[in-house]
């Protein structure tokens, strides 16, 4: 069975311990979009990123994954929808 492409990207970031920026939709906090430090990640599961504190973040809530200055994943229109910024 093929892995989720985001799972493969996150695993690569974990293994290589490179400079990465990961943003995701936070439905519980005051900030709608939060940044996650890759050092917080315990495991990249099949459907979720599992953080060291036990928090589980589903892949569908990821909006941006940047690794060593390259954008590896960007959800279309996330800035306009979640921050009100128009990126067109």
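The values are calculated or read from the model by the stated rules, or taken from the named source; none is laboratory data. None of these values were measured; they are calculated from a predicted model. We place every Cβ from the backbone using ideal geometry, glycine too, and count neighbours over all the protein chains shown.
Points worth noting:
- Residue within region 39-48 that is outside any loop (DSSP other than H, G, I, E, B), crowded, with 16+ Cβ neighbours inside 10 Å, modelled with pLDDT under 90 and on the phi < 0 side of the Ramachandran plot present: no
- Verdict on residue 64 being in contact with a helix residue (DSSP H, G or I) (Cβ under 6 Å, 6 or more places away or on another chain), surrounded by 10 or more Cβ atoms within 10 Å (Cβ to Cβ) and either in a strand (DSSP E or B) or modelled with pLDDT of 85 or more (or both): no
- Subset of region 1-23 that is without any contact (Cβ under 8 Å) to a residue 40 or more places away in the chain and assigned to a loop (DSSP other than H, G, I, E, B) - its residue that is farthest from residue 48 (Cα to Cα): 17
- Filtered by the rule that a residue be surrounded by 13 or more Cβ atoms within 10 Å (Cβ to Cβ), free of Cβ contacts under 8 Å to residues at least 40 places away in the same chain and assigned to a strand (DSSP E or B), region 25-38 gives 34, 36.
- Enumeration of residues in region 67-88 that are surrounded by fewer than 16 Cβ atoms within 10 Å (Cβ to Cβ) and either modelled with pLDDT of 80 or more or assigned to a loop (DSSP other than H, G, I, E, B) (or both): 68, 69, 70, 71, 74, 76, 77, 84, 85, 86, 87, 88
- Total residues in region 15-41, condition farther than 20 Å from residue 76 by Cβ and touching a helix residue (DSSP H, G or I) at 6+ places or on another chain (Cβ under 7 Å): 3
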